[in-house]
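K.L.:
Encoded as structure tokens, here's the structure I'll be asking about.
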Amino acid sequence: MNEDVPEGVKEGPPAERGTPVGRRVFLGTLALGALGVVAAPPLQRGLEGFLGSAADKDPTGLTGLLPNGGGFRYYSVASSVPRKNADTYRLTVDGLVDRPTTYTLADLEALPQTRLVRDVQCVTGWRVPDTPFEGVRLSRLLDAAGVRPTAKAVRFTCFDGTYTESLTLAQARRADVLVALRMQDKDLGHAHGGPVRLYVAPMYFYKSAKWLSGITLTDEVRPGYWEKRGYDIDAWVGRSNGRDDEPTS
Amino acid sequence: MSLRADTPVTVRRFSRAERWVHRTTAALMGVCVLTAACLYVPQLAELVGRRALVVTLHIWAGLALPVPVLAGLVSRAFRADLGHLNRFGPHDRTWLRAALHRDKRPASRPAGKFNAGQKIYASWIAGATLVMLGTGLMMWFTHLTPLLWRTSATFVHDWLALTIGIVLAGHIGMALADPESRKGMRTGRVTREWADREHPLWRR
């Protein structure tokens, strides 16, 4: 048999009257949150410095999971990304060009390599200082293909099957835009977009498409994956996406 | 009705409305935490991918998170519980002191319908949820707030997320350790024996 006890449910018993500590904790948490937003810049700088040095001595890699723990974060928009190696990787250059070309990894490695050391800045806020990238200047591949006068922009496609990016022809011809084969003086691993990714040094890192497989010359800029979802197409670091980060290039 | 010795006498702890508030809030919080993990932990992000979809899930679960509690306000029992959670009496101070000294004897842990730990948890998680909602909105509507605010909001959102994850694990861990308490939230009823032991001041 069950005994129904209404008191304690229906109306508060007098014993439960007292100080409204709950409300104070609630409002205090809100206030702390607001204070955190206000005090974030110095706090963040301090923590980044501390965690950065801690991460260097951390064999477990757990510091990498902490916010702003330093280093890259993995973002993929596809459900799964196939792996490509020296045998299976191909990069095609086509569209408004005189000589459509397909490169193997060895072909790209045989071309003159350029090494750039710049900061990497993600549009979500993280920044990795002094990161070396090495690869073939995009302008070299464009010249080799013979860009037609009607071409105004470059569209990039990726072998994840989903991601796309875009640059104007002028942006694509910059000397600090690479088809990168190496990062941090190592061959590009799969997680970092290997074996070949785009590297657009002066722009937010979403422009640097991972797993690059296609370069197509087009007559107009076709917005890339994130750009269709609200990000700026001309993604200069510090001058776009409503951010004022230190320029990277 | 027959009174059988092996049937423990039970008392009503939560109404249907209160249990649904808890259930839906827990489900939405679960979606928030899981999607956050898939956005944040590199191994999971690599496994799941589909970033645009995961972001959409995270945003909508987060926006909906306060709705069950707000809807619950139409329930008188739920409003009464909010009152219990808010008010601290002298016995709550005793409870907290015992908790700090790891004194587990029931006699040194007096509690009404909710003990002091549950009260502080409820108030804190409510405040933290709203801070997450506010900072989340600042991150979402990127062109509406000044730039500096957004980076700062991301900072608070990230670190508070980690804190909430740890506190939530504690909440779930304590529930796992107390089947009768879980039964109270699942069925609405608990044994009188449990109620008198864990919440001796509740039914006075």
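Values quoted throughout were computed directly from the atomic coordinates according to the rules given, and no laboratory measurement underlies them. Predicted, not measured: the structure shown is a model, and the values here were computed from it. Cβ: placed from backbone, ideal geometry, glycine included. Neighbour counts: every protein chain shown.
K.L.:
Which is farthest toward the positive dipole end of the protein assembly as shown among A:Ala39, B:Pro66, B:Ala195, measuring Cα position about the Cα centre, with Cβ charges +1 (Lys, Arg) and -1 (Asp, Glu)?
P.N.:
After comparing all options, I get B:Ala195.
K.L.:
Taking amide H atoms as placed 1.01 Å from N in the peptide plane, list the residues 5 or more away in sequence, or in a different chain, whose amide H sits under 5 Å from that of A:Thr131.
P.N.:
Close amide H contacts, sequence-distant or interchain: A:Arg118, A:Asp119, A:Val120.
K.L.:
Turning to a different aspect of this structure: Which of rounded, prolate, oblate describes the stretch A:149-190, given a ≥ b ≥ c as roots of the alpha-carbon gyration tensor eigenvalues and a/c under 1.5 marking rounded, otherwise prolate only if a/b is larger than b/c?
P.N.:
Here the stretch A:149-190 falls in the oblate category.
K.L.:
How large are Rg and Dmax for the stretch A:122-249 when calculated on the C-alpha trace, in angstrom?
P.N.:
In Å, with Rg to one decimal and Dmax whole: 13.8, 39.
K.L.:
Please compute, for peptide B:7-16, the average count of beta-carbon atoms on other protein chains lying within 10 Å of each residue's beta-carbon.
P.N.:
3
K.L.:
In addition: Work from the charge dipole of chain B (Cβ charges, +1 for Lys and Arg, -1 for Asp and Glu, about the Cα centre) and give the residue of B:Met185, B:Val9, B:Pro90 farthest towards its positive end.
P.N.:
With unit charges placed on the Cβ atoms, the residue in question is B:Val9.
K.L.:
Can you give me the C-alpha center-to-center distance between the stretch B:103-158 and the stretch B:169-204, rounded to a whole angstrom?
P.N.:
24 Å
K.L.:
Using Cα pairs under 8 angstrom and six or more residues apart, how large is the relative contact order of chain B, in percent?
P.N.:
29 percent.
K.L.:
Taking the Cα atoms of the stretch B:88-186, what is the range of coordinates along each of the three principal axes, in descending order and whole Å?
P.N.:
56, 29, 20
K.L.:
Hey, fewest Cβ within 10 Å first, where do B:Leu28, B:Leu133, B:Leu47 land in order?
P.N.:
Working: B:Leu28 20, B:Leu133 16, B:Leu47 13.
Fewest-to-most ranking of B:Leu28, B:Leu133, B:Leu47: B:Leu47, B:Leu133, B:Leu28.
K.L.:
Where the eigenvalues come from the Cα gyration tensor of chain B, what are the semi-axes √(5λ) of the equivalent ellipsoid, largest first, in whole Å?
P.N.:
Numbers: eigenvalues 266, 73, 57 Å².
In descending order, the three semi-axes are 36, 19, 17 Å.
K.L.:
A further question follows. Using unit Cβ charges (K, R positive; D, E negative) and no other charged atoms, how large, in debye to the nearest 20, is the dipole of the protein assembly as shown about its Cα centre?
P.N.:
With Lys and Arg at +1 and Asp and Glu at -1, about 1620 debye.
K.L.:
Let me ask another. Kindly point out which whole DSSP H helices in chain B project their C-alpha atoms 18 angstrom or further along the helix axis while averaging a Kyte-Doolittle hydropathy of 0.0 or above. Show your work: numbers first, answer last.
P.N.:
Working: long enough: B:16-40 (35 Å, 0.60); B:51-64 (20 Å, 1.43); B:116-140 (35 Å, 0.93); B:147-176 (43 Å, 1.21).
What comes out of the filter, once short or polar helices are dropped, is B:16-40, B:51-64, B:116-140, B:147-176.
K.L.:
Rg (Å, one decimal) plus Dmax (Å, integer) for the alpha carbons of the stretch B:151-204?
P.N.:
Cα only, the stretch B:151-204: 16.8, 52 Å (Rg, Dmax).
K.L.:
Could you tell me which of the pairs A:Lys84/A:Lys152; A:Lys152/A:Lys228; A:Lys152/A:Lys207; A:Lys84/A:Lys186 are separated by over 22 angstrom between their Cα atoms in the structure shown?
P.N.:
A:Lys84/A:Lys152
K.L.:
To continue, here is another question. Along the charge dipole of chain B, Cβ charges K/R +1 and D/E -1, which of B:Ala37, B:Thr163, B:Ala116 sits furthest on the positive end?
P.N.:
Value: B:Ala116.
K.L.:
Give me, ordered by chain and number, the residues 5 or more places off A:Ser166 or on other chains with an amide H under 5 Å from its own placed amide H.
P.N.:
Result for A:Ser166 returns A:Phe156, A:Gly224.
K.L.:
Nearest 20 debye, what's the magnitude of the dipole of the stretch B:97-168 about its Cα centre given +1 on Lys and Arg Cβ and -1 on Asp and Glu Cβ?
P.N.:
In total the dipole reaches around 540 debye.
K.L.:
Separation of the stretch A:159-215 and the stretch B:84-101 by C-alpha centroid, Å?
P.N.:
The distance from the Cα centre of the stretch A:159-215 to that of the stretch B:84-101 comes to 58 Å.
K.L.:
For Cα pairs less than 8 Å apart in space and 6+ apart in sequence, what is the mean separation divided by the residue count of the stretch A:166-249, i.e. the relative contact order in percent? Before the final figure, lay out the partial values.
P.N.:
Numbers: 110 pairs, mean separation 21.6, N = 84.
Contact order relative to length: 26 percent.
K.L.:
Now a separate question. Once the mean 1/r over all distinct Cα pairs of the protein assembly as shown is inverted, what Kirkwood radius in angstroms do you read off?
P.N.:
25.5 Å
K.L.:
Which lysines have a Cα less than 27 Å from the Cα of B:Lys183, not counting those fewer than 8 places away in the same chain?
P.N.:
Leaving aside lysines fewer than 8 places away in the same chain, those within reach of B:Lys183 are A:Lys10, B:Lys104, B:Lys113, B:Lys119.
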